[in-house]
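**Q** I have a structure here, written as structure tokens, and I will follow up with some questions on it.
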Amino acid sequence: MERLNNRALNEMRPLEFVLDVAPHATASVLSCFGNTRVICAVTIEEDVPRWMKMQGVPGGWLTAEYAMLPYSTLDRKKRDSAAGKQDGRSVEIQRLIGRSLRAVMDLEALGARTVWIDCDVLQADGGTRTASITGAAVALAIALNRIMAKGLIPANPMRQLVSAVSVGKLKGTPLLDLCYVEDRDAEVDMNIVMTEGGQYVEVQGSGEEAVFTAEEMAQMLSLASQGIAAITKAQKEAIARADQPTEADFASLKNFFAGLK
């Protein structure tokens, strides 16, 4: 089966993490999975939610918010504030982002702090939740490294990286990292969240008016593992250059602000 842009069945879309696109955040990343682009920003506050204080829960907390900007899709998407309530899909995704990041955090080691993860979709072409989780993990790792460098925490409370990727079955063929057109037409659509150590955090999957076998599921999970390995490598490279940006980073940042990408 031929894919868009002649991608192999087990090939990711081009991955890119543009660093520090939101200067007032503790750390931020423009997470790019092909034409899907999400700003993932981390802000760390020296306080905890009221419920933690009331219940005497030690340590800190991490929570996430997710939104698709009105111009992120082909047809303008109404803002939640204009609708008067939060979109159910956005609530489900932001809860997934929060769960995924908390799974790799030692919240007691974080201390009495709240980590806010804000994911805003600039352009949607499939996999916005996977790009959000993946980019948020990069921004979180950078933010924690920065507060460690300031002596605010003695050790990194992030145990390992986490990332996510989509897989699916289209015309009977398992595929990795679906773009919008593939996702729209797929018989099976799955989102896999995994740690860098290969453990599963969450598996979301369903047949779209179709069914799938145990063998097909195993094939899709194998594709996801391959994708996660490639994503983890890109995540580590981005984190390593966070405070030593390259000329390519400056060029990406300049292009971002110039609206050229």
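The values are calculated or read from the model by the stated rules, or taken from the named source; none is laboratory data. In this text, all values refer to a predicted model and were calculated from it rather than measured experimentally. Backbone-built Cβ (ideal geometry, glycine too); neighbour counts: all protein chains shown. Protein only, heavy atoms only, side chains kept; ligands, DNA and RNA dropped before computing areas. Shrake-Rupley method; radii C 1.70, N 1.55, O 1.52, S 1.80 Å.
**Q** Quick one: compute the contact order of the range 52-116, relative version, from alpha carbon pairs under 8 angstrom and 6+ residues apart, as a percent.
**A** On the way: 62 pairs, mean separation 37.7, N = 65.
Value for the range 52-116: 58 percent.
**Q** Counting only C-alpha contacts under 8 Å and six or more residues apart, can you give the relative contact order of the range 1-50 as a whole percent? Don't skip to the end; give the middle numbers.
**A** Values: 63 pairs, mean separation 12.6, N = 50.
With pairs under 8 Å counted, the relative contact order is 25 percent.
**Q** Over the chain, with the other protein chains present, what is the accessible area per residue in square angstrom, probe 1.4 angstrom? Don't skip to the end; give the middle numbers.
**A** On the way: 12710 Å² over 261 residues.
The answer is 49 Å² per residue.
**Q** Follow-up question, since we're still on this one. On a 0 to 90 degree scale, rounded to 10, what angle separates helix 88-102 from the longest Cα axis of the chain?
**A** 60
**Q** At 222 nm, what helix-only mean residue ellipticity would the chain give, in deg cm²/dmol to the nearest 500, using -39500 (n - 2.57) for each DSSP H run of four or more?
**A** Details: 8 runs with 96 residues, N = 261.
It comes out at -11500 deg cm²/dmol, rounded to the nearest 500.
**Q** So the label point goes 7 Å from the Cα of Ala240 along Cα→C-beta, right? Which residues of the range 155-190 then have their backbone N under 18 Å from it?
**A** The answer is 160-162, whose backbone nitrogens lie closer than 18 Å to the label point.
**Q** Which of Ile231, Ile153, Ile44 moves the most in a Gaussian network model of the chain with Cα springs under 10 Å?
**A** Ile153
**Q** Once the Cα atoms of helix 128-149 and of the chain are each reduced to a long axis, what angle between those two axes, in degrees from 0 to 90 to the nearest 10, is obtained?
**A** Roughly 20 degrees between the two axes.
**Q** At a 1.4 Å probe, what is the % contribution of carbon and sulfur to the accessible area of the chain?
**A** Values: 6570 of 12710 Å².
Heavy-atom surface of the chain belonging to carbon and sulfur, 1.4 Å probe: 52 percent.
**Q** Gaussian network model of the chain, Cα springs within a sub-10 Å range: biggest mean-square fluctuation belongs to which of Ile93, Ile39, Ile117?
**A** Ile93
**Q** Further question on the same structure: Can you give the accessible area of Tyr71, probe radius 1.4 Å, in Å² rounded to 10?
**A** 150
**Q** Using 0.36 nm per residue, how much length does the chain from Ala210 to Asn156 gain when fully extended, once their Cα-Cα distance is taken away?
**A** Working: separation 54, 0.36 × 54 = 19.44 nm, distance 4.42 nm.
Between Ala210 and Asn156, full extension yields 15.0 nm more.
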